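To keep things clear, I will list the structure first and then write my remarks on it.
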Amino acid sequence: MNRNARDSRRRSDSWFKRQIHQRPLPAWLLVAIDVLLIGICLVVFALFHHVIPRRETSTGMVSSRYANETVGEEAAYKAETFPVANESGESVDSVVQGAADAAQETIVKEPEISSEPAAEEETVEMAPEATEIVEEVTGYFGNRFPDKFTDGKVIKTGSSYQSANVNIALSKHEYEGATFYYADIYVKDIECLRTEFADGQFSRGRTEWPVDMNRRAGGVLAVNGDYYGTRTDGVVIRNGELYRDKDVTMDVCVIYWDGIMETYSAHQFRARAAMESGAYQAWHFGPRLLDDEGKPLRNFSNASLGPKNPRTVLGYFEPGHYCFVVVDGRSSTSSGLTIKELAKLMSQIGCKRAYNMDGGATSMMVIGDKVVSNPYNGGRPSSDIILIADK
């Protein structure tokens with residue numbers, strides 16, 4: 001650059017600086033620029049913190065299914081370690097109980113999900129090999145439900161699946177203006193009830209369609225989990241491994257290796273102690289729906305979840321016997337359920353424990369590679385599922 005050009009540039013720069021000093025920007029424009037810059041910063045933060053998937057690191061702590069000597073018993077040590085809160089709802093009066101009995105009668109087991117005739121059965125020669133497990137092993141329920149499993153064949157219809165390892169009966173019902181899908185589930189071994197992460201990775205912000213997760217994991221049936229990937233706090237125990245233990249603020253649901261399921265308020269739960277007691281799965285969402293007598297709670301830890309919405313629930317009857325419930329909602333044909341209605345429904349079904357998972361557009365039930373519920377707005381990918389596998 002020659003001398004004349006440099007002198008010209010200096011004069012131009014000086015003129016520009018003088019204009020800035022002599023003609024300051026209007027106050028409204030300065031405020032608008034500040035708001036714009038703050039908005040850009042927030043978008044960038046949200047992008048990196050919530051949207052872009054980030055793989056996280058497990059704690060590395062793993063529980064053992066052989067730690068507990070109790071097989072199929074309601075283990076007393078769990079109640080001692082984590083006393084279940086007694087904050088129950090009021091006992092249902094005779095009028096409500098009568099309605100409950102009537103509703104119970106309407107929850108029939110006749111399959112209504114598929115147009116395929118219920119009697120039409122497709123028999124596959126052999127199922128995946130049934131794992132031979134000695135009866136003393138924690139989490140084996142072969143002798144508890146001997147009539148629920150086959151000798152090796154798979155018998156399935158559009159609404160049922162029976163094999164040497166699992167027994168699933170699916171039905172569709174109406175309750176309080178909402179449509180719900182009920183899966184009655186028996187597993188011979190606790191490892192038939194599994195969980196799966198999106199893309200098979202424990203991470204934040206990573207999602208995948210439940211159908212794809214279920215297919216990859218070899219699941220027969222699946223529902224969405226607690227959508228742990230949107231948070232950085234809480235507890236995440238999956239398939240016996242403690243992935244996250246930080247600032248538990250919501251109700252927690254735990255399934256132990258012996259098949260027992262318990263629900264806890266945030267202040268009752270300690271992840272390390274749960275792992276030492278044989279925790280197999282744990283979710284951090286809720287609320288828990290039933291008291292320790294199986295009656296519906298009236299007060300819940302998360303009041304913001306109260307209005308009618310699509311719902312997903314994990315229910316427990318006894319070790320080896322569980323249920324999935326998915327409620328359609330936010331549509332002209334199904335309103336969804338409030339948390340109180342949901343608690344009453346799970347009590348009427350006969351569950352001893354019941355736990356609310358993520359809902360809204362996330363609520364979804366999948367059989368194989370087919371969605372059987374009607375998710376709101378087509379549903380959305382999630383960070384995790386709960387599945388039943390024919391191991």
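What follows is calculated from the coordinates using simple rules that are stated; it is not laboratory data. Remember, it's a predicted structure, so these values are computed and weren't measured experimentally.
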A correct Karplus calculation of ³J(HN,Hα) over the range 274-280, with 6.51 cos²θ - 1.76 cosθ + 1.60, θ = phi - 60°, whole Hz and x for Gly and Pro, returns 5, 4, 5, 8, x, 5, 9
The set of residues whose placed amide H lies less than 5 Å from the amide H of Met357, leaving out same-chain residues fewer than 5 positions away, is Thr312, Val313, Leu314
With a ≥ b ≥ c from the Cα gyration tensor eigenvalues, square-rooted, and the rule rounded for a/c under 1.5, otherwise prolate when a/b > b/c and oblate otherwise, the range 176-275 is rounded
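From the square roots a ≥ b ≥ c of the eigenvalues of the alpha-carbon gyration tensor of the range 310-391, which class results: rounded (a/c under 1.5), prolate (a/b over b/c), or oblate? Don't skip to the answer; put the middle values down first.
Working: a/c = 2.09, a/b = 1.13, b/c = 1.85.
It comes out oblate by the Cα gyration axes.
For Ala273 and Thr150 in the same chain, what is the full-extension length gain: residue separation times 0.36 nm, less their Cα-Cα distance, in nm? Before the final figure, lay out each step's value.
Working: separation 123, 0.36 × 123 = 44.28 nm, distance 3.74 nm.
Using 0.36 nm per residue and subtracting the Cα-Cα distance, I get 40.5 nm.
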In order over the range 247-257: 3J(HN,Hα) from phi, Karplus 6.51/-1.76/1.60, θ = phi - 60°, whole Hz, x for each Gly or Pro, gives 6, 6, 10, 10, 4, 10, 10, 10, 10, 8, 4
Note: Arg216 to Ile40 extended length (0.36 nm per residue) minus current alpha-carbon separation gives 59.6 nm
